[in-house]
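J.: Structure incoming, see below.
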Amino acid sequence: MAVLRLVIGRIFVSVLTLLLVSFIIFSMVEILPGDVASRILGRDATPESLATLRERLHLNDPAPERYVRWLGNIVQGDLGNALTSSRPINEILGPRIFNTLMLSLFAFAIYIPLSLIPAAVQALNRDKTIDHVLSIVSLILVSMPEFLLATLLLILFVAMIPLFPAMSLVDDSTPFWEYLRALALPGMTLGIVMAVYAVRMLRDNLIEVLDADFIRMAELKGLSRRRVLLRHALPNAMVPTLNVTALNLAYLVGGVVIVEKVFAFPGFGSLLVDALQLRDAPLIEATVLITATVYISANMIADVGAIVLNPRLRSS
């Protein structure tokens, strides 16, 4: 029951936070310079056509009324139409979200072993040569911006060892294996960027847990080093790392703009940049709200996961 109350409480807080974020997004878009009707019709629009369009788009209605209408449409799954193309935003977002989701899953599959294996090796070989070498490598990578890492991977796997395409251009007709090859370099970039932040924290947590009394008791009972590490040490050491993982999940959706631009990948992040450049208000609102939803949900899942993984927190 305590865990259930926690989950319900976290969901309630997350919904309230998301409601506040939606209000902030709507307010920020409202104060953007320029008139929406003028941006749609262009400079040659007549006063009559502007008035007609403002009436059709309900731009003359009070802002609170338009906010409630916009929020109600979103709850029903209607994100409206893009101003630049007049297409439903759901149709525009569908392929972009799918591409970014596939890229995120690919990157997350790389992120897990790149986080666990180096951290476990360092913790089991603390203050040895391998520990120092991996620490130096992680420090170099953590100080390297995404575009530089992406450029180095391009030089290595496109120019020197031509294994992957330089541009990750995909569409509905792209074959499966070509789609995977297109995901390789941006996925590797994202996976490495996320992993270097988690490795250092997980290493320190593992060292602390391995020195705990219950780990020594497990070793005295004759359990193998591998069993102690996988069954007892890792679950407890991963709890503080969950918050980093939650931030990484949010980064995968909202922070892949640079990586997608470097590799020309048609994903969600590049769509957000295009919407901002074109000042397409409904598209901006939809993309930013989706990003905020993923960010808030990831943090909520991390909090609940910490309780599930840690018996001490669950009992308290």
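J.: So what's the net charge close to residue 168: Lys and Arg +1, Asp and Glu -1, counting the other residues with Cβ under 14 Å from its Cβ? Display every interim value, and only then the final one.
T.: Numbers: positive: 96, 181, 261; negative: 171, 178, 260.
Here the count lands on 0.
J.: Using +1 at the C-beta of Lys and Arg and -1 at the C-beta of Asp and Glu, which of 81, 186, 45 has the Cα lying farthest in the positive direction of the dipole of the chain?
T.: Selected residue: 186.
J.: Tell me which residues come under 5 Å, amide H to amide H, from residue 81 once H is placed; ignore anything under 5 positions away on its chain.
T.: Excluding prolines and chain starts, which carry no amide H, the hits are 89.
J.: Quick check on the chain: helices-only [θ] at 222 nm, where DSSP H runs of length 4 and up contribute -39,500 (n - 2.57) each and the sum goes over total residues. Nearest 500, please.
T.: Values: 14 runs with 232 residues, N = 316.
Roughly -24500 deg cm²/dmol at 222 nm, from the helical runs in the chain.
J.: Can I ask one more? Bin width 20 Å, alpha-carbon pairs only: give the P(r) of the chain as whole percents, running from 0 to the bin holding the largest distance.
T.: Calculated P(r), rounded to whole percents: 26, 48, 22, 3, 0.
J.: When the chain is treated as a GNM, springs tying every alpha-carbon pair under 10 Å, which of 208, 48, 146 comes out with the largest mean-square fluctuation?
T.: Result for the chain, Cα springs under 10 Å: 48 fluctuates most.
J.: Using +1 on the beta carbon of Lys and Arg, -1 on that of Asp and Glu, and nothing else charged, what's the dipole of the chain about the Cα centre, debye to 20?
T.: Working: 25 positive and 25 negative charges, 259 e Å.
My answer is approximately 1240 debye.
J.: Helix 47-56 versus the longest principal axis of the chain: what is the Cα-based angle in degrees, 0 to 90, to the nearest 10?
T.: Taking the Cα atoms of the chain, the angle to 47-56 is about 50 degrees.
J.: Tell me, what HN-Hα J-couplings in whole Hz come from the Karplus equation 6.51 cos²θ - 1.76 cosθ + 1.60 at θ = phi - 60° for each residue of the range 138-144, using x for Gly and Pro?
T.: Each residue of the range 138-144 in turn: 5, 5, 5, 5, 5, 8, 9 Hz.
J.: Right, another one. With each label point set 7 Å from Cα along the Cα-Cβ vector, what nm distance links residue 211 and residue 297?
T.: Going by the 7 Å Cα→Cβ label model, 4.0 nm.
Any read-out appearing in this document is the output of simple, stated calculations on the displayed coordinates, not a laboratory observation. On a predicted model such as this, the values are computed, not experimentally measured, just so you know. Reconstructed Cβ throughout: ideal geometry from the backbone, glycine too, with neighbour counts over all protein chains shown.
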